[in-house]
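To start, the structure itself, in structure tokens.
The values are calculated or read from the model by the stated rules, or taken from the named source; none is laboratory data. As the structure is a prediction and not an experimental result, all values here were calculated from the model. Backbone-built Cβ (ideal geometry, glycine too); neighbour counts: all protein chains shown. To get the accessible areas, we keep the full protein, side chains included, count just its heavy atoms, and leave off ligands, DNA and RNA. Shrake-Rupley method; radii C 1.70, N 1.55, O 1.52, S 1.80 Å.
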Amino acid sequence: MSETIFSKIIRREIPADIVYEDDLALAFRDINAQAPTHIVVIPKKVIPRVSDASWEDQSLLGHLLLTVQKVAQEAGLTNGYRVVINNGNDGGQTVDHLHLHILGGRKLQWPPG
């Protein structure tokens, strides 16, 4: 497994606008925002992509979704938001560390892209 920018953010080697942190997860504002609110939630445990998660990770995966809920609430996304998990190259994943995008702050269109 190669080093990713997210591992460096977790270790505070690269600055980030961190909006939430606990023992298992970290959330920060995306520097390439695709919506007025664009926050990325990552596990501190390195899992390259959702397809690499195992049954042993089920509690962590649930924790990530509940973290999304908490962070979205704290960000004031009361009219709704979108949660995106890209998986692999064809899925648009650019960093090999599982991450969940929270997009909101405007009416989002469908299909997304």
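Computed from these coordinates, which is Cα extents along the principal axes in Å: (i) 37, 29, 26; (ii) 39, 33, 22; (iii) 35, 33, 29?
(i)
For a test of the definition: using alpha carbon positions, the gyration tensor, and the 1.5 limit on a/c, classify segment 47-100 as rounded, prolate or oblate.
oblate
Any idea of the accessible area per residue across the chain, 1.4 Å probe, to the nearest Å²?
62 Å²
Roughly speaking, to the nearest percent, how much of the chain's 1.4 Å accessible area is carbon and sulfur?
Reported share for carbon and sulfur atoms: 50 percent.
Distance check, please: which entries in Lys8/Lys107; Lys45/Lys70; Lys44/Lys70 exceed 27 angstrom between their Cα atoms?
The answer is Lys8/Lys107.
Determine the relative contact order of segment 6-84: mean sequence separation of Cα pairs under 8 Å and six or more apart, normalised by residue count, in whole percent.
Once normalised by length, the contact order is 23 percent.
With axes computed from alpha carbons, what is the tilt in degrees of helix 58-74 against the longest principal axis of the chain, rounded to the nearest 10 within 0 to 90?
Helix 58-74 sits roughly 30 degrees off the main axis of the chain.
Projecting each Cα onto the charge dipole of the chain (Lys/Arg +1, Asp/Glu -1 at the beta carbon, about the Cα centre), which of Val46, Asn79, Leu103 comes out farthest on the positive side?
Result: Asn79, furthest along the dipole toward the positive end.
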